[in-house]
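The values are calculated or read from the model by the stated rules, or taken from the named source; none is laboratory data. Bear in mind the structure is a predicted one, so any value in this text is a computation, not a measurement. Cβ placement follows ideal geometry from the backbone for every residue including glycine, while neighbour counts extend to all protein chains displayed. When the accessible area is computed, the model is the full protein with side chains, heavy atoms only, and any ligands, DNA or RNA have been set aside. Shrake-Rupley method; radii C 1.70, N 1.55, O 1.52, S 1.80 Å.
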Amino acid sequence: MGTGSPRGTLDAYADKVEGRSFNLRVLWHLLVFVKPYSLHMLGAFAAMLAASALTLAVPFLVKVAIDGPIVAGDIGALDELVLLLLLAFVGLYLASMAQRYLLSWVGQKMLADLRSALFRHLQDMPLAYHDNHIVGVTISRVISDVGVINQLLSQGLITLTGDSLLLAGIVVVMLSLNAQLALVTFSIIPVIVLVTIVFAQKAKLAFRKTRARNAHMIGDLAENLSGMRVIQAFANEEISTERFDEVNGANRDAHVEAMSLSFVFLPTVEFLGIVATGIVLLFGGLSVAQGSLTLGTVIAFLAYVNRFFLPVQELSQLYATMQTAMAGGERVINLLQTEPAIKDSPDARKMPPIEGRIKFRDVSFSYRESLPVLQDINLDIPAGTMVALVGPTGAGKTSIANLIARFYDVSAGAILIDGIDVREVEQRSMRAQMGLVSQDPFIFPGTIADNIRFGAPEATLEEVMAAGDLANVAEFARDQPHGYETEIFEDGANLSLGQRQLISIARAILADPRILIMDEATSSVDMITEALIQDALRKLLSERTAFVIAHRLSTIVNADLICVVDGGRIHEMGSHAELLGRRTLYYELYQRQFVDLAD
């Protein structure tokens with residue numbers, strides 16, 4: 001491929017571990033995905049309120065039973081209270097079940113919506129974005145980060161509200177039962193607050209670090225799996241394993257550090273709960289012995305103290321979830337709010353049916369401001385012309401082709417198709433009338449027919465087979481177990497490169513584009529397969545405007561116009577015979593290939 005944008009070694013956010021504990025901007029933008037399910041969230045909230053109220057009611061009913069019917073020996077009244085307790089437990093069970101079901105339902109819906117929004121946005125991002133971001137890290141955004149965000153939005157907010165209300169309710173009930181014993185019991189709260197503050201400060205960095213290291217690990221894994229053929233070919237398994245072990249180890253250490261905080265904090269809270277229980281037993285027991293307090297009140301206090309520390313533990317776990325969710329949320333929102341560098345203008349119109357006239361007018365282009373790739377390109381190509389772009393590697397040939405399809409925008413000048421600036425029309429309406437046959441054709445999961453049909457999803461099997469026949473796919477499809485309905489392995493592993501190329505040509509034939517871009521379509525195949533591809537290309541190129549990038553100059557001798565590109569400029573143009581007659585750069589390139597072939 002010609003001069004291009006170097007791929008980033010790590011996503012811009014992958015190592016960012018600093019950030020606010022609670023980012024209202026992030027939460028506000030994420031709540032947009034909860035809004036469509038407001039009624040279900042209200043139902044979950046109502047179920048949470050019912051569960052909290054019943055949780056508070058159960059110890060109080062136990063107190064009433066002990067201090068009333070049990071002490072008085074009133075069996076009838078005890079039966080009524082037992083029935084009330086049974087109804088309370090049944091209600092608590094139903095309310096908790098409804099809350100969890102509704103939250104899980106909302107969570108899965110929201111999870112799918114957020115991932116769909118990310119996927120749509122990623123498809124709108126230009127090639128420059130994907131060229132500079134590691135695939136695995138992007139996958140981490142869509143899968144891992146969205147997962148922890150879902151935990152916060154679908155369950156965390158309800159849990160936060162429910163636990164906060166439950167804590168407040170317990171405090172109020174305990175104070176109403178016996179203010180003196182309640183205040184003595186609450187003497188442990190300042191210690192809980194201090195421990196929580198220390199935990200929060202240390203957890204903030206630790207849990208954010210886990211998100212960064214996790215993204216880095218997934219990115220490294222994806223890159224290694226993609227390059228497995230090269231790794232094995234050069235026997236570099238040990239080096240790759242060592243590198244992954246280093247990344248994996250950093251991820252492990254970050255998670256151990258974060259979990260260690262929880263493993264210290266949670267037992268500390270449990271210990272403080274035991275201390276509070278001891279306080280109730282000591283002071284409550286003395287009060288019962290002195291006759292200033294009933295046994296039922298002490299038992300109710302013990303139940304409330306136990307319930308008091310459970311929400312504290314849940315809130316501490318929720319804090320950890322909030323840290324990871326905020327870290328992931330910042331990355332997801334930053335991605336969703338990243339404006340595509342190439343986008344349709346507000347007044348962009350649909351591209352009318354293309355004839356195929358292409359004009360480069362004083363075009364210059366650079367991936368980075370300090371590194372010009374193309375300079376002062378001027379071309380005027382009539383419709384139906386086959387243009388060949390030749391030149392040394394890195395000359396800028398692929399960059400010219402990328403600009404035609406507006407995968408990148410020019411830095412200066414303009415590109416016009418049928419007299420219309422490509423920046424004035426909707427990208428999809430223009431690209432729908434273009435075709436691409438690349439050096440390394442991408443094959444999607446599915447059948448041979450599915451891959452050909454990708455260029456025209458509504459095409460019938462007969463139309464698919466007709467395109468396949470023109471592209472010489474039938475030469476090998478008939479030998480497959482199920483013909484055109486044969487399933488293709490991942491990355492087309494059960495097909496040769498030449499067969500994958502023929503399928504991509506059939507895909508372009510079926511799409512019937514007016515402008516065709518071919519990037520070294522025959523550079524990596526044998527001579528027999530090249531003959532089949534050349535025959536298929538001859539049919540495909542008929543009456544279309546085509547830009548053909550080729551290293552094998554023998555494949556473009558019949559081109560209407562050959563442009564020799566070097567150093568980002570067009571050095572000479574003409575037919576094969578004209579350029580050979582000038583004995584300049586094209587002649588040198590051709591002679592060099594002729595000598596290499598002769599050797």
Residues of segment 27-64 with amide N under 20 Å of a point placed 7 Å along Cα→Cβ from LEU84: 50-64
Phi-based couplings in Hz for segment 334-341 (Karplus 6.51, -1.76, 1.60; Gly and Pro marked x): 4, 5, 4, 8, 6, 6, x, 5
Magnitude of the charge dipole, the chain, Cβ model with Lys/Arg +1 and Asp/Glu -1, debye to 20: 1660 debye
ASN248-ARG583 pseudo-label distance in nm [points 7 Å out on the Cα-to-Cβ vector]: 6.3 nm
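Take a quick pass over the chain and tell me how many lysine pairs come in under 18 angstrom between Cα atoms, counting only ones 8 or more apart or on separate chains. List each step's numbers first, then the result.
Working: LYS16/LYS202; LYS16/LYS204; LYS16/LYS209; LYS35/LYS109; LYS359/LYS397.
So the count of such lysine pairs works out to 5.
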Estimated vicinal HN-Hα couplings, Hz - segment 250-260 in sequence order (Karplus 6.51, -1.76, 1.60; Gly, Pro = x): 5, 5, 4, 4, 5, 5, 5, 4, 5, 5, 4
Relative contact order for segment 251-410, counting Cα pairs under 8 Å that sit 6 or more residues apart, in percent: 14 percent
Scaled radius of gyration (Cα, divided by 2.2 N^0.38 Å) that segment 39-138 gives: 1.99
Nearest-0.05 FRET efficiency for GLU339 and ASP131, computed from C-beta distance (R0 22 Å): 0.80
Tail weight of P(r) past 32 Å, computed on alpha-carbon pairs of the chain, percent: 63 percent
Under-5 Å amide H pairs with GLY356, H placed in peptide plane, nonlocal only: ASP418
Helix 189-226 vs. the chain, principal-axis angle (Cα, 0 to 90°, nearest 10): 20 degrees
Calculated FRET efficiency for the pair HIS29/LEU94, C-beta based, R₀ 56 Å, to 0.05: 0.95
Length added when fully stretched, GLU369-LEU497, from 0.36 nm per residue minus Cα-Cα: 42.4 nm
GluC sites (Glu not before Pro), loop per DSSP, at most 16 other Cβ atoms within 10 Å - longest free stretch of the chain: 19-354
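Compute the length gained on full extension between TYR101 and VAL288: take 0.36 nm times their separation in residues and subtract their Cα-Cα distance, giving the result in nm to one decimal. Intermediate values should be presented prior to the final figure.
Working: separation 187, 0.36 × 187 = 67.32 nm, distance 4.34 nm.
Full extension from TYR101 to VAL288 adds 63.0 nm.
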By average C-beta atoms within 10 angstrom, highest first, the peptides 499-507, 44-52: 499-507, 44-52
Long-range HN-HN contacts of ASP519 with modeled amide H, under 5 Å: VAL437, SER438, GLN439, ILE549
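Could you work out the relative contact order of the chain, using alpha carbon pairs under 8 angstrom and six or more residues apart, expressed as a whole percent?
16 percent
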Length added when fully stretched, SER575-ALA168, from 0.36 nm per residue minus Cα-Cα: 138.0 nm
Heavy-atom accessible surface of the chain: percent carbon and sulfur, 1.4 Å: 61 percent
Whole-number accessible area per residue in Å² for the chain, which is evaluated in the context of all protein chains at 1.4 Å: 49 Å²
Placed amide H near GLY446: partners under 5 Å, 5+ positions off or other chain: ILE488
Per-residue [θ]222 nm for the chain (sum of -39500 (n - 2.57) over DSSP H runs n ≥ 4, rounded to 500): -19000 deg cm²/dmol
Estimated vicinal HN-Hα couplings, Hz - segment 369-377 in sequence order (Karplus 6.51, -1.76, 1.60; Gly, Pro = x): 4, 7, 10, x, 9, 10, 9, 6, 8
